[in-house]
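One structure below.
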Amino acid sequence: MPLVGTSSSGQFSCASAAQHTLKDLKTKRKGQPVFVLGHLLERKGQEATFEVFNDRIALVKFSDGAIVGYDPMELLLPTEIDEQGVPYFEIRRCGGCDVLFSLTREESDADQEPTRCPDCR
């Protein structure tokens, strides 16, 4: 299984102004927490962890051990990860295009949260 573009070193990433999805990350770390938007209804809206790329598909592992492949654009990054490594996701629906997007920590802590995704702003 190819491991190109993955890293087992460094820290997990959170949503930032330039990075909201797994696709946005240059280096993907195994174990990176993600929120699944994907195509399987029974898995949509669940949290998972990134495992590896396989033929340009991101394989993610769910808490029940199931591994499913997704387009990296379908995997949102967490808003923040606490000291114990627990990810928190603040997911909102865009008022412009109706797509789900994750807030950054700064957006989540702001007095007024954005109502539009980064692409619509």
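The values are calculated or read from the model by the stated rules, or taken from the named source; none is laboratory data. This structure is a prediction, so every number in the text was calculated from the model and none was measured. Quick reminder, even Gly has a Cβ in these numbers, built from the backbone with ideal geometry, and neighbours come from all protein chains shown. Side chains are part of the model used for accessible areas, which takes the heavy atoms of the whole protein and leaves out ligands, DNA and RNA. Shrake-Rupley method; radii C 1.70, N 1.55, O 1.52, S 1.80 Å.
A few comments on the model shown:
- Residue (of Gln19, Pro118, Ile67) at the positive-pole extreme of the chain, dipole from beta-carbon charges: Ile67
- Taking Asp119, Asp71, Asp111, Asp64 and ordering them by how much accessible surface each has at a 1.4 Å probe, largest first, produces Asp111, Asp119, Asp64, Asp71.
- In this rough spin-label picture, where each label sits 7 Å from Cα along the Cβ direction, the Gln112-Met73 distance is 3.0 nm.
- When all protein chains stay in place and ligands, DNA and RNA are ignored, the 1.4 Å accessible-area order of Val86, Val34, Val68, largest first, is Val86, Val68, Val34.
- For the chain, the dipole from Cβ point charges (+1 on Lys and Arg, -1 on Asp and Glu) about the Cα centre works out to 480 debye, to the nearest 20.
- In the complete set of protein chains, residue-level accessible area for His39 is approximately 110 Å², probe 1.4 angstrom.
- Working note: 222 nm ellipticity from helices only, DSSP H runs with n ≥ 4, each -39,500 (n - 2.57), summed and divided by the residues of the chain, gives -1000 deg cm²/dmol to the nearest 500.
- Accessible surface, 1.4 Å probe, highest first, among residues Leu75, Leu40: Leu40, Leu75
- Averaging the sequence gap over all C-alpha pairs within less than 8 Å and six or more residues apart, then dividing by the number of residues, gives the chain a relative contact order of 23 percent.
- FRET efficiency for the pair Glu42 and Cys97, taken as 1/(1 + (r/R0)^6) with r the Cβ-Cβ distance and R0 = 30 Å, rounds to 0.75.
- Directionally averaged shadow of the chain, computed from the convex hull of its alpha-carbon atoms, nm²: 7.9
- Percent accessible area from carbon and sulfur atoms, region 8-117, protein chains only, probe 1.4 Å: 46
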